[in-house]
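Worksheet: one structure, shown below.
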Amino acid sequence: MKWTKTLIQTLRDNPQDAEIDSHKLLMRAGICRKTAAGLFTFMPLGMRSLKKIEQIVREEMDAAGASEILMPALQPSELWRKTGRWDAMGANMFRLKDRAERDMAMGPTAEEEVTDLMTNIISSYRQLPLNVYQIQTKFRDETRPRFGLMRSKEFIMKDGYSFDVDAEAADKTYWTMYRAYERIFARCGLKATPVQADGGDMGDSMTHEFHALADAGEDAIAFCDGCGYAANTEKAERVCNPVFGKVDAPVEEVHTPNAKTIDQVAAFMGLDGSAFVKSLVYLADGEPVMVCVPGDRDVNEVKLRRYLGAKSVTLADYALVRDVSGAGVGSVGPVKPLKADVRIVADIGLKGASGCIVGANKDDYHLKNVDLDRDAKIAGYADLVIVREGDVCAKCGKKITIRRGIEVGQVFKLGTKYTKAFNTVYKDENAAETLCVMGCYGVGVSRTLQAVIEQSHDKDGIIWPSSVAPYQVVIENLDPSVEEVTKVADELEAELVRRGVDVIVDDREERPGVKFKDADLIGFPVRVVVGAKGLAGGGVEVKRRDEDKSKTRIVPVADAAAEIVRSL
Ligand code: ATP
Ligand code: MG
């Protein structure tokens, strides 16, 4: 391919809305163009990388025994209504009506669609297991589309779904997919780590997310170097054996006007913030619950929901907070709330807490010298906060460290949630009807592309891994108007193509500085320089993108193709 024949437009400046390096480079290197917030066009370079990632996904899915299909992105509401997700999806789902006023959705995922498909196909155990996947555009009306392809409104996903005879067989499929995912990301040149994640409304079912570790990642991952435990902080568990000295002094009410923050209240009382108990009112499936956590910690709503066994937990609004406690949010506490029968739960970090400060359930007042066991009716203690660096691992007792990750994929055991809703049954050997057991497996294909850039770049631009680079090699023809130089460049191109190398010739009439800058910005793995001066001096220059200038090799033209292939 010749540069002047394709469409490559690099930009000098970073787009204003780009916050992270990979987003800046995506735009500056001409990989993508923005159409509107959260909507992107893949330009020819981007398209080539995207197709390569898709091809890797395809090969690994096929090798793992899955078959490619393509279902409509436009989905009828009836399917979603069967599982209750027409409502549950809320504002995240793009909805529209057809001309007959039928409700439709632009698919954010396809569990319902595929289960409906399979319900009409599966009849006998002899057909199972079945495992299908598609690579298709998905639509999600994200609250905050940002970071380019990382969180867009429209994105390319590989979504796969398996149907097995029982939980044991489904477990086998799950681990087959898990291993396929490890290979997919490794082949894309991505360092992706599987971590345990929360199963959402699927109960305690098994799920792993694959995270590309990167400081720019949106997710926080807890790692334990002691036992190798790795979990999304939504799920990660800690243990805690707090030791509180007993304070026998009676509870004392203190007027704390204008003290808004925990530190201000504590300072007002001459105590430090660690004595502070933060109390929040939640609605768990419509029932108010008070949640107490150490003053410097944040409630993990996923853990809270699980502990309470609720379908949903949401923070109560101001009116309800007042109704339950008798005060505004800043003065809520577990001692004598207005609603005496409200259930109060507390984090394990507060077990035995004594001598603490709590809200007095009276505006601008706090209580000190509170002993939770003595003065409050705590219904139960559990691990209810988001883990943080230095917490103690629940599995082995060593210290937890926190790192950031980009979720590039997820594997999920779904059980019979969907097959029950659709009555997806097969007849076993005794002709008894049994529900199929499902799994689902997603790869964010377009997000993976950007995660590769996030993990592999420097100040000059992208450093593509050879497997997913738009072109593996750029030949810089420095003198396109000199016949001899162009002949060498073009013949080298032809030879590389014969050897199965993806190559582009930069045949632009531009200064070498401009051409080299673009090559570094786009990040082709190998750069070959062909120019009149170099040829007179003995050959062409070969250098990998991840090597510095001192590693440049001058290679005779006759040996160039072999050297380039060796460099890849
Ligand atoms: P997230 O937690 O990041 O919102 P998710 O867990 O909701 O993602 P899944 O339903 O697991 O996403 O979808 C499978 C994969 O699709 C994800 O692992 C991710 O790589 C990708 N993905 C999800 N949402 C987006 C998005 N808005 N833009 C780009 N890729 C996405
Ligand atoms: Mg996910």
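Where a number appears in this text, it was derived from the coordinates with a stated rule and is not lab data. This is a predicted model, so every value here is computed, not measured. Every residue, glycine among them, receives a Cβ derived from its backbone with ideal geometry; neighbour counts consider all protein chains shown.
Let me know the charge dipole size of the stretch 471-567 about its Cα centre in debye, to the nearest 20, where only the beta-carbon of Lys, Arg (+1) and Asp, Glu (-1) is charged.
On the way: 16 positive and 21 negative charges, 83 e Å.
Here the size comes out at about 400 debye.
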Cα gyration tensor shape of the chain, rounded if a/c is under 1.5, else prolate or oblate by comparing a/b with b/c: prolate
Computed FRET value (nearest 0.05) for ASP323 with ASN258, which takes r as the C-beta separation and R₀ as 35 Å: 0.90
Contact order normalised by residue count of the stretch 355-449, Cα under 8 Å, 6+ apart, percent: 18
Distance in nm between pseudo-label sites at ASP248 and LYS533 (7 Å out along the Cβ direction from Cα): 9.0
Spatially proximal lysines relative to LYS362 (Cα-Cα < 28 Å; intrachain offsets below 8 disregarded): LYS246, LYS260, LYS278, LYS336, LYS339, LYS351, LYS377
Sparse-neighbourhood loop sites, trypsin sites (Lys or Arg not before Pro) in the stretch 44-111 - DSSP loop, at most 16 other Cβ within 10 angstrom: ARG99, ARG102
Cβ-derived FRET efficiency at R0 56 Å, ASP62 paired with ARG508, nearest 0.05: 0.90
At most 11 other Cβ within 10 Å, DSSP loop - trypsin sites (Lys or Arg not before Pro), the stretch 196-283: LYS246, LYS260
Sequence-separation-based contact order of the chain, relative, with Cα cut under 8 Å and 6+ spacing, percent: 17
Computed label-point distance, nm, for sites GLU429 and ASP87 using a 7 Å Cα→Cβ extension: 4.4
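Just need the relative contact order of the stretch 471-567 here, percent rounded to a whole number, with Cα pairs under 8 Å and 6+ apart.
30 percent.
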Least to most buried among CYS227, CYS240, CYS440 (fewest other Cβ within 10 Å first): CYS227, CYS240, CYS440
Positive dipole terminus of the chain, leading residue within LEU492, THR193, ALA100 (C-beta point charges): LEU492
Antiparallel bridge percentage (DSSP; both residues within the chain; nearest 5): 80
Where labels lie 7 Å past Cα in the beta-carbon direction, separation of LYS487 and MET71 in nm: 6.0
Farthest positive-ward along the chain dipole, Cα basis, beta-carbon charges - from PRO470, GLY539, GLY295: GLY539
Reduced Cα scattering model of the stretch 471-567, Debye log10 I(q)/I(0), q = 0.10, 0.11, 0.24 Å⁻¹: -0.21, -0.26, -1.42
Candidate lysines for bridging to LYS153, where Cα separation is under 22 Å - those fewer than 8 sequence places away on the same chain excluded: LYS24, LYS34, LYS51, LYS97, LYS138
Theoretical gain in end-to-end length, ILE554 to ASN120 [0.36 nm per residue, Cα-Cα removed]: 149.8 nm
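Full-extension gain between ASP364 and ASP215, please, as 0.36 nm times their residue separation minus the C-alpha to C-alpha distance. List each step's numbers first, then the result.
Working: separation 149, 0.36 × 149 = 53.64 nm, distance 4.03 nm.
My answer for the length gained is 49.6 nm.
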Per-pair calculated FRET efficiency, R0 = 45 Å: GLU563 and CYS240 via Cβ, rounded to 0.05: 0.15
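If each residue's Cβ is checked for other Cβ atoms within 10 Å, how do LYS487, LYS395 rank with the fewest at the top?
Numbers: LYS487 11, LYS395 14.
With the sparsest Cβ surroundings first, the list reads LYS487, LYS395.
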Value at 222 nm in deg cm²/dmol, rounded to 500, when DSSP H runs of n ≥ 4 in the chain each add -39,500 (n - 2.57): -8000 deg cm²/dmol
